[in-house]
1. Which of the numbered conditions does residue 75 fail, given that it passes all the others? Conditions: (1) in contact with a strand residue (DSSP E or B) (Cβ under 7 Å, 6 or more places away or on another chain); (2) closer than 19 Å to residue 320 by Cα; (3) not charged (D, E, K, R).
2. Could you tell me whether the range 111-132 includes any residue that is open to solvent by less than 10 Å² (accessible area, probe 1.4 Å), within 15 Å of the ligand (Cβ to nearest atom) and of a type outside the set (D, E, K, R)?
3. Which residues, taken from the range 193-217, are open to solvent by less than 40 Å² (accessible area, probe 1.4 Å) and among the charged types (D, E, K, R)?
4. Does residue 244 meet the test of being within 13 Å of the ligand (Cβ to nearest atom), surrounded by 14 or more Cβ atoms within 10 Å (Cβ to Cβ), touching a residue at least 60 places away in the same chain (Cβ under 8 Å) and within 19 Å of the chain's Cα centre (by Cα)?
5. Any idea which residue in the range 266-279 is nearest to residue 180 (Cα to Cα), counting only those that are more than 14 Å from the ligand (Cβ to nearest atom) and in contact with a strand residue (DSSP E or B) (Cβ under 7 Å, 6 or more places away or on another chain)?
6. Taking residue 30 as the residue in question, decide whether it is loosely packed, with under 14 Cβ neighbours inside 10 Å and either out of contact with any Asp or Glu (no Cβ under 7 Å at 6 or more places or on another chain) or modelled with pLDDT under 95 (or both).
7. For residues that are open to solvent by 30 Å² or more (accessible area, probe 1.4 Å) and touching a Lys or Arg at 6+ places or on another chain (Cβ under 8 Å), tally how many sit in the range 218-235.
Amino acid sequence: MLAAYATAPDPSDPLAALEVGERPEPEAREGWTTVAVRAASLNHHDLFTLRGVGIGADRFPMILGCDAAGVDEAGNEVVVHSVIATPGWRGDETLDPKRTLLSELHQGTMAERVAVPAGNVVPKPAGLSFTEAACLSTAWLTAYRMLFVKSGLKPGDTMLVQGASGGVATALIALGTAAGYRVWATGRSEAKRQAALGLGAHAVYEPGARLPERVDAVFETVGEATWQHSLRALRPGGTVVISGATTGPNPPADLARVFFLQLSVIGSTMGTREDLRGLISFLETTGLRPAIDLELPLAKARDGFAKMHAGDTAGKIVFTL
Ligand SMILES: NC(=O)c1ccc[n+]([C@@H]2O[C@H](COP(=O)([O-])OP(=O)(O)OC[C@H]3O[C@@H](n4cnc5c(N)ncnc54)[C@H](OP(=O)(O)O)[C@@H]3O)[C@@H](O)[C@H]2O)c1
């Protein structure tokens with residue numbers, strides 16, 4: 001079957017590790033279902049996989065992709081939930097220390113078919129296209145959990161999103177405005193800042209800019225490049241929720257600011273299956289839909305990877321089959 005996959009880790013040139021070509025069909029396993037993929041979206045996770053980050057060298061070649069929407073063996077239209085817990089795990093699957101995402105241990109979603117545990121699919125509402133539904137399981141789910149499960153923000157509070165055009169950043173801006181928060185965002189270019197305003201952001205700033213007032217919460221996925229600004233942007237008692245570190249995981253910690261101002265630093269990763277159901281319900285109720293930057297046939301996946309690698313995003317990049 002056709003798939004986009006990583007041949008071997010390449011830390012310095014991730015695109016050199018990308019191949020679009022034939023891979024074996026998924027193996028049938030008891031308790032698993034095979035989904036015929038109709039659309040799969042690209043996440044920064046896929047660039048990290050190509051670099052060999054978060055995956056053992058013995059796992060290559062590996063089909064990329066955490067997210068998919070498609071049709072399961074019973075003919076149901078489904079959204080794939082990417083967090084695979086160990087068999088028998090009970091409770092919040094994101095807290096399973098041995099959990100993996102698709103494309104870390106098991107083959108990923110950028111293929112004609114993907115096998116997942118039967119519990120890792122949720123119904124796709126008819127009102128969401130396959131392309132829209134394929135954006136939800138990683139970037140949008142992560143944003144949903146950061147905002148509604150972890151941050152403690154109330155509607156009317158002010159939130160700052162570091163980044164304007166990425167998958168998680170666009171989801172945070174759109175979800176935050178739809179839920180009644182005052183949303184500010186930083187973007188690296190005027191075009192990106194304008195796009196964030198188009199998604200509903202109330203104000204936009206250059207990275208590192210002095211803000212007119214301190215905010216209640218900051219949403220971080222950028223890491224080293226923005227961390228100190230994030231801490232400086234918070235009011236006393238404020239919260240930073242972090243789910244990623246695209247530019248590096250080891251910024252200066254600024255511990256004095258954390259304890260003197262009694263800041264909270266909260267980590268967040270993906271979301272549970274119930275969070276995914278909550279996100280889908282939120283979209284159905286509000287009519288909100290993911291911002292799609294680019295839709296390409298899977299055979300042209302390389303163009304989408306190159307765009308994200310260049311930092312030239314404006315929402316989600318989706319591959320269709
Ligand atoms: N923990 C989890 O479960 C989880 C889930 C999803 C994602 N993540 C992580 O979150 C991060 C974002 O993922 P994504 O898929 O949203 O990525 P993406 O679409 O490539 O977006 C990258 C974002 O980073 C921002 N950014 C700011 N400064 C940057 C710089 N110097 N270099 C590169 N980017 C910069 C970009 O801002 P501009 O808009 O200004 O370009 C953009 O908004 C990744 O590190 C990913 O691994 C973690």
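1. If we test residue 75 against (1) in contact with a strand residue (DSSP E or B) (Cβ under 7 Å, 6 or more places away or on another chain); (2) closer than 19 Å to residue 320 by Cα; (3) not charged (D, E, K, R), just (1) comes out false.
2. No; the residues of the range 111-132 include none that is open to solvent by less than 10 Å² (accessible area, probe 1.4 Å), within 15 Å of the ligand (Cβ to nearest atom) and of a type outside the set (D, E, K, R).
3. Within the range 193-217, 193, 216 qualify.
4. In short, yes.
5. 277
6. yes
7. Going through the range 218-235 one residue at a time, the tally reaches 2.
The values are calculated or read from the model by the stated rules, or taken from the named source; none is laboratory data. Here the structure is a predicted model, which means the values were calculated and not measured. A quick note on method: Cβ atoms are made from the backbone with ideal geometry, for glycine too, and the neighbour counts reach across all protein chains shown. With ligands, DNA and RNA removed, areas are computed over all heavy atoms of the protein, side chains included. Shrake-Rupley method; radii C 1.70, N 1.55, O 1.52, S 1.80 Å.
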